[in-house]
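Here's the structure, in structure tokens; my notes come after.
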Amino acid sequence: MKSSKHVEKLFSVLYVGTIFVSLGVIYLIHLPNNLFSELIDFFNRLTLARVPNTGAFLPAPISPAVHVDLYTALFQFFLVISIMEAIILALRFVFNSSIKRKAETISNVVFWFGVSYLIWTYLVDSATINKWFVFWIGIIVIFGLSLIARVFVLLAVRQPEPVKN
């Protein structure tokens, strides 16, 4: 039992290390455009925008297309996280982690790959106010799909209860 806890701790260290390395590398890749300044600019340009075909107003950048470099950096970061989650999932099978941990990691893989796809499709390509709100609806859908993936994994391995006579 102690060795499985040790392996789980190593997975956590690997994950956190990947986050730090990817943040540093992505920052260096985008250095000519100083991501920190772009992030501040992004939040300074947030306003309440009308959601198309509704009376609702939600936060959105004044001009979403201006922040393509920030979206690209986010895409790269989430793609790295997705790949790391997939690697950890494979390692969970190799080291025979609990089904609960495998289900959680499958859920994470679905979510992070989904978010990466949405960023690339709706924000990096040609962001508009309409696409901005479609992106956020997509995030909600991907979150739901990741939860459903987790449930299916847990149900697939569930042991039937013995019949009582």
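The values are calculated or read from the model by the stated rules, or taken from the named source; none is laboratory data. All of these numbers come straight from a predicted model, not from anything done at the bench. Backbone-built Cβ (ideal geometry, glycine too); neighbour counts: all protein chains shown. Keep in mind that these areas ignore ligands, DNA and RNA; they rest on the heavy atoms of the full protein, side chains included. Shrake-Rupley method; radii C 1.70, N 1.55, O 1.52, S 1.80 Å.
Structure above, values below:
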quantity	calculated
Test: residue in region 17-39 that is within 19 Å of residue 122 (Cβ to Cβ) and open to solvent by less than 50 Å² (accessible area, probe 1.4 Å)	yes
Members of region 86-103 found to be within 22 Å of residue 20 (Cβ to Cβ) and either without any contact (Cβ under 8 Å) to a residue 40 or more places away in the chain or surrounded by fewer than 19 Cβ atoms within 10 Å (Cβ to Cβ) (or both), listed by number	86, 87, 89, 90, 91
Filter pass, residue 119 being within 30 Å of residue 152 (Cα to Cα), assigned to a helix (DSSP H, G or I) and not hydroxyl-bearing (Ser, Thr, Tyr)	yes
Selection within region 40-56 - surrounded by 13 or more Cβ atoms within 10 Å (Cβ to Cβ) and either aromatic (Phe, Trp, Tyr) or more than 23 Å from the chain's Cα centre (by Cα) (or both)	42, 45, 49, 50, 51
Among the candidates 112, 120, 132, residue that is without any contact (Cβ under 8 Å) to a residue 40 or more places away in the chain, under 24 Å from residue 59 (Cβ atoms) and touching a helix residue (DSSP H, G or I) at 6+ places or on another chain (Cβ under 6 Å)	112
Residues of region 122-140 classified as in a loop (DSSP other than H, G, I, E, B) and either open to solvent by 60 Å² or more (accessible area, probe 1.4 Å) or in contact with a His (Cβ under 9 Å, 6 or more places away or on another chain) (or both), total	3
Matching option when the condition is modelled with pLDDT of 95 or more and surrounded by fewer than 16 Cβ atoms within 10 Å (Cβ to Cβ), among 113, 143	143
